[in-house]
Amino acid sequence: MELALNSALAGSSAAQRDLKLLDGKVIALELKELPLKLYFLPRDGKLRVHGEHRGKPDMSMRAPSFALLEAALKPGEAPPRGIELNGDAETAQVFSRLLKQADLDWEELLSHYLGDVAAHQIGQLARGFMRWGRDTAGRLAQDLVEYLVYESASLPPRHEVEGFLDDVDRLKSDVDRLATRLQRLGKKPKHS
């Protein structure tokens, strides 16, 4: 990973500027489901990756592995949900920008170790798993809404809420008109 990152960052002057900004910082990355913690140590224009580090990191990131996989397969998009950041916000911002500049082709990287066919199959499997996760989450949310509205009657149906909000708007408008009318009546001169 270290070789691939440094190779990807070597040709970019913007990446080299960001590496200088991060020089001496420690960025920790922990996967929530796995006992894996990596430390990124930018030093002298290179990004070192270690499995251990003594001392407190300047910024730490805890993430579900699926979120990192999604970020790796879809560079340039908004960060996926489920990632927790702690520490220096500027360090996090610069490090995120640095990783986007690296724009690693994870399938290509894996192909050096596993072969082209296996790397492609892992990429396909990962993309399929992410699609399944999104579809399942969408269906679960829809089923939960239907249960809360129709089965348990804990929530009113959408059309009832919209009708209620329309009634509230109408009542507010009527009250405003009544207040204006009363104000005008209070200002009329009295005849003797």
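No value in this document is a laboratory result; all are computed from the given coordinates. All values reported here derive from a predicted model rather than from experimental measurement. Here Cβ is always computed from backbone atoms with ideal geometry, including for glycine, and neighbour counts include all displayed protein chains.
Check the straight Cα-Cα distances from Lys188 and name the lysines below 30 Å, setting aside those fewer than 8 residues away within the same chain.
Straight-distance partners of Lys188: Lys172.
Efficiency by 1/(1 + (r/R0)^6): what FRET value for Ala14 and Gln121, r their Cβ-Cβ distance, R0 = 35 Å, to the nearest 0.05?
0.55
So which GluC sites (Glu not before Pro) in the range 27-63 are both in a DSSP loop and have at most 10 other Cβ atoms within 10 Å of their Cβ?
Here the sparse-neighbourhood loop sites are Glu33, Glu52.
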